[in-house]
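Derivation of every value follows stated rules applied to the coordinates shown; laboratory data play no part. Just so we're clear, the structure is a prediction, and the values are computed from it rather than from any experiment. Virtual Cβ from ideal backbone geometry, glycine too; neighbours counted across all protein chains shown.
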Amino acid sequence: MKKNEFFFKSKDNETNIHMVIWEPDGTINAIVQVVHGELEHMGMYEEFAEYYTRGGILVVGIDLIGHGFSTNNETRKMVLNREGAYEDLVSDIDTCVEYVKGLHVGVPYVLMGISFGSVLVRNYLIKYPKKIDGSILIGECDVNNMKLNLLERQVRKEIKKYGDISASLKYRKIINRWNKKIKNNNTSYDWMNKSNEMINKYINDQLRGVDVTNCYFREMILALRNIQGIDKIKNMDTNKPILIMAGKEDVSTNYGKDARKLCDKFKKCNIYEVMVKIMEDNRHDIMHDDNRYKVYDYIYGWISQKIYRGIAARRDEVLVDGVENAQEQQDKYLRAVREKQAKEKYKE
């Protein structure tokens, strides 16, 4: 595995965004871009990347503005410089997509969002419906417009009283309410997963965020609002496969029920290539629990089946039959596309 790290200028024109690419030593079968959740950073997904690169999948991601190494302050505060700045987060995700796609032309591309990252991925799918080949949404809670209106009023009151960069009291209350639903909880993070080892690792992580600020919580609400409604969902590409995942013991997603509700919404908008997987023994953070390799394997199987095996049938109507090996499938697909392009050029 080869690991490369570098920075690019954010859409906000202030932040230097940290990007990390984990590349397989051999042939690249597919690309997975991880969009991490609030208070996280891409270093938390290195184990996932190591696991996937062994299977020929390149893993890439950025530290979102105000996270990890993409910060402009020493206090690790999540600060966004304007209202509507969630759009800058989406634009930075796209910068990463465009860069990596340029390096690996024709390789199937999957966008995977975790928690708030899944909200950003849905915003991306609405704004850029044709750019990626499939998406994975993990741990997204369903919030209706009435709740969003109430939350927005409350956070704006906090901003007026305490300022943009103060820790959001409302966000803390929500997290505390979720955590109280966990019996015999020992930390403020037990709602996230069951593994004491992983919780302690999270607590001691020097790069993780400390608090969600008022301005960041406002942008989380605005990003959620932008994906509400059937009209927004209809802007997505209905032919691209989607995998929705949640933990059955995740209080933030109503014990996985929100995942099924989201699936139903998609199907009402004629997005039929959508699957739901509820992980029986998990809470919110299914990517960092004792059974995380089971999660990794399920996602890998979905990518193999739906993305780089099925991609030929969706692109250019090139269908490859009778090929079991995924790499052979991808190579044969690329040859077929090149032949088709050569014929079209010859006709000109």
Sequence-distant residues sharing a close amide H with V276 (under 5 Å, placed H) = I244
Among T71, T53, T27, which one shows the biggest mean-square fluctuation in a GNM of the chain, springs joining Cα atoms closer than 10 Å?
-> T27
GluC sites (Glu not before Pro) restricted to DSSP loop in the stretch 1-66 with at most 14 other C-beta within 10 Å = E14
Least to most buried among F6, F48, by other C-beta atoms within 10 Å and fewest first, runs F6, F48
Under 14 Å by backbone N from the virtual spin label 7 Å along Cα-to-Cβ at D281, the residues of the stretch 189-209 are 194-196
Residues other than I299 with Cβ under 13 Å of its Cβ, Lys/Arg counted +1 and Asp/Glu -1, net out at +3
Additional length obtainable on full extension of the chain from D142 to K232, 0.36 nm per residue less Cα span | 30.9 nm
Out of M146, I57, N196, whose Cα points farthest toward the positive end of the dipole of the chain (charges: +1 Lys, Arg; -1 Asp, Glu; placed on Cβ)?
-> M146
Which GluC sites (Glu not before Pro) in the stretch 195-285 pass both tests, a DSSP loop state and at most 12 other beta-carbon atoms within 10 Å?
-> E280
Residues C269, C215 arranged by fewest to most Cβ contacts within 10 Å | C269, C215
Kindly provide the GluC sites (Glu not before Pro) of the stretch 82-137 that DSSP labels as loop, not H, G, I, E or B, and whose Cβ sees at most 13 other Cβ atoms within 10 Å.
-> E83
Restricted to the chain, the DSSP antiparallel beta bridge percent, nearest 5, is 35 percent
Sort I278, I221, I307 so that the residue with the fewest other Cβ atoms within 10 Å of its own Cβ comes first and the one with the most comes last.
-> I278, I221, I307
The chain: relative contact order as a whole-number percent, Cα under 8 Å and 6+ apart = 17 percent
Fraction in percent of alpha-carbon pairs per bin - 10 Å, the chain = 5, 25, 35, 25, 8, 3, 0, 0
Residue with peak Gaussian network fluctuation, the chain [Cα springs, cutoff 10 Å], from I65, I174, I242 = I174
